[in-house]
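This report refers to the structure that appears directly beneath it.
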């Protein structure tokens, strides 16, 4: 065997050995599995979808404002600022909203009460899952027991009592109002909630969710608590425009 053939043979053997080494290393290293539960994955996906949706809406809204500022020279700029302020209030949940939507009623399963099992409250986890599911199905505005749900709303257990931003949920039934974009969306939400996962989860805790037919006018109250803004400070007048 001449030198050229020997070098070619040696090179082929080295390549094969390298490939076998990589394959062995790949098989040897365990694959990291995603151990998140189904609800956690759904919540993470929902958060990403909500973030993307908000960013798109903000971009469109800002483009519309810029168009107004640039093209409507004769319009009062103060009026444009007032409209912007009102829009921000609506987005933050600081105004009462009326529109098409559905009503959910959370109440104990009376069959269980007749057997001696009493139900006095609903857990924060169930309420959070219900809110997440409603948002997943294009709910625009939500209120629970007369309390407006916004981005900063906290639902938690305090001293064995479920509270929404400090408001106690200690009486049954609990009314949940949901506003949608139009009657068509309300009808879709109604159909989805009739067979939703939340209905099953509530029933396990001896609670029933009654879903009403879509209505043309449902009124949701404004958020009536103080919105606390963190990590934000007012810019001093002499520092405006500086980076």
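Screening the candidates 77, 89 for the property of being surrounded by 12 or more Cβ atoms within 10 Å (Cβ to Cβ) and either modelled with pLDDT under 85 or outside the structural domain of residue 172 (by TED's automatic domain parsing) (or both) yields one hit, 89. Only one entry in 188, 128, 163 is at pLDDT 90 or above and assigned to a strand (DSSP E or B), namely 163.
Screening 133, 112, 70 for residues that are over 30 Å from residue 185 (Cβ atoms) and either surrounded by 12 or more Cβ atoms within 10 Å (Cβ to Cβ) or modelled with pLDDT of 90 or more (or both) leaves exactly one candidate, 112. Within the range 163-204, being under 18 Å from residue 100 (Cα atoms) and in contact with a helix residue (DSSP H, G or I) (Cβ under 9 Å, 6 or more places away or on another chain) holds for 176, 178, 179, 180, 189, 192, 193.
Here is the figure for the range 136-146: residues that are closer than 15 Å to residue 93 by Cα, outside any loop (DSSP other than H, G, I, E, B) and in contact with a helix residue (DSSP H, G or I) (Cβ under 8 Å, 6 or more places away or on another chain) total 2.
The values are calculated or read from the model by the stated rules, or taken from the named source; none is laboratory data. Everything numeric here is computed off the predicted structure, so don't read it as measured data. Note that we place each Cβ from the backbone using ideal geometry, even for glycine, and neighbour counts take in every protein chain shown.
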